[in-house]
Amino acid sequence: MDEQELIERVKKGDEMAFTVLMKAYKDRLVNFLYHSVGDYERAVELAQETFVRVYFRAHQYRPIAPLGTWIFTIASNLAKSEAKKRRKINMVSLEEVAGELGGEGVYYDPPSSGLSRNLEQALKELPAYYRIPLLLKDVEGFSQEEIAKMLNRPVGTIKARLSRARHLLRQKLEKALKGETE
Amino acid sequence: MKEFNLKDQLPRVKAPESFEEEVLQKIRVKRAAKKRPLLILIRIFRFRPLLVGALLGILVAGFIVIPSMIKEKQATRAIFSSNLPQLVKVGSSYLSLIESVDFNKDLADIPTKRVVYILEAVNENFISDVKY
């Protein structure tokens, strides 16, 4: 069953079709939201909220864009709102979260190498308006045009943000690696 | 510095096993919450004869009873507030037929819940003050 057929069935309230849709996207969404907000439990909640919105707004979906783009648009908006909220409150460090996530029943692969750890930390330090397009492009594989539509920004802005995000990430990594070697 | 690949280098997390069930549960809760106002409307609709009766009562009170009460009150007030006696022309002079009297001021000092007898002169030849 293809995605268009699935969403058509979801529009009619078919829970089985919706479960198939969730199975196809849940891990990608949780992973994207986890790296966007830096909190596994919150990422799971946001991913669930994304699917709740997909279910109730299925009738709004128009097949002019792939279904994945639409689902990630909803998730990106939630990630942006969460980033705004988090800017105002004290955030728990990613190391603490990783420590908490080490427990049983949590689906988390701890960073195996120093580079991975540094990369995760550097990514977390990026502002959300750089981090989210970068994750959508380099981790989720969306095109710049798709990201521009998702984030409701001109393609030029997205290109500039991606370039700046990579540059900042590289700088932060170099700084972290220098610190490790000293 | 060598190029890094975000997709390969970043640790990946997965959704918990209970993910789908939790989403479906949230959907059921939200659907029930959405249906609540509809249920209230249906319940209200069941009592429509009562509602129609109440509505008619309100309309009757609003358009007939209350305006007539207001009119009556206004008419009474108009009589008492007017200081000018009603005059009827008889030949070349005017004769006072009814003189409006406002007892409100006179009765203001009298304690409430007491019976007040107002004694007025009925004989036109004998003029006396009003006694009460």
At a probe radius of 1.4 Å, what is the per-residue accessible area of B:F103, in Å² to the nearest 10?
40 Å²
Per-residue average of other protein chain Cβ atoms inside 10 Å, peptide B:28-35 -> 1
P(r) of the range A:108-182 in 10 Å steps, Cα pairs, percent per bin?
20, 45, 26, 9, 1
Starting from the Cα of B:K105, draw a straight line to each of the lysines and keep only those under 29 Å, dropping any in the same chain fewer than 8 residues away.
B:K71, B:K73, B:K113, B:K131
With the solvent-accessible surface defined on protein heavy atoms using a 1.4 Å probe, which residues belonging to the range A:43-70 display a reduction of at least 30 Å² in accessible area in the multichain context relative to the isolated chain?
A:Q48, A:V52, A:Y55, A:F56
Centre separation in Å (Cα based) which lies between the range A:126-182 and the range A:6-76
23 Å
Cut-off under 28 Å on the C-alpha distance; same-chain residues fewer than 8 positions from A:K85 excluded. Which lysines are left, in chain and number order?
A:K26, A:K124, A:K137, A:K149, A:K159, A:K172, B:K7, B:K14, B:K26, B:K30, B:K34
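Which loop GluC sites (Glu not before Pro) in the range B:1-69, with loop taken from DSSP, have no more than 11 other Cβ atoms within 10 angstrom of their Cβ? Show your work: numbers first, answer last.
Working: sites: B:E3, B:E17, B:E20, B:E21, B:E22; in loops: B:E3, B:E17.
When the GluC sites (Glu not before Pro) of the range B:1-69 are filtered for loop state and at most 11 Cβ neighbours within 10 Å, B:E3, B:E17 remain.
The values are calculated or read from the model by the stated rules, or taken from the named source; none is laboratory data. Here the structure is a predicted model, which means the values were calculated and not measured. Quick reminder, even Gly has a Cβ in these numbers, built from the backbone with ideal geometry, and neighbours come from all protein chains shown. Accessible surface areas use protein heavy atoms only, side chains included; no ligands, DNA or RNA. Shrake-Rupley method; radii C 1.70, N 1.55, O 1.52, S 1.80 Å.
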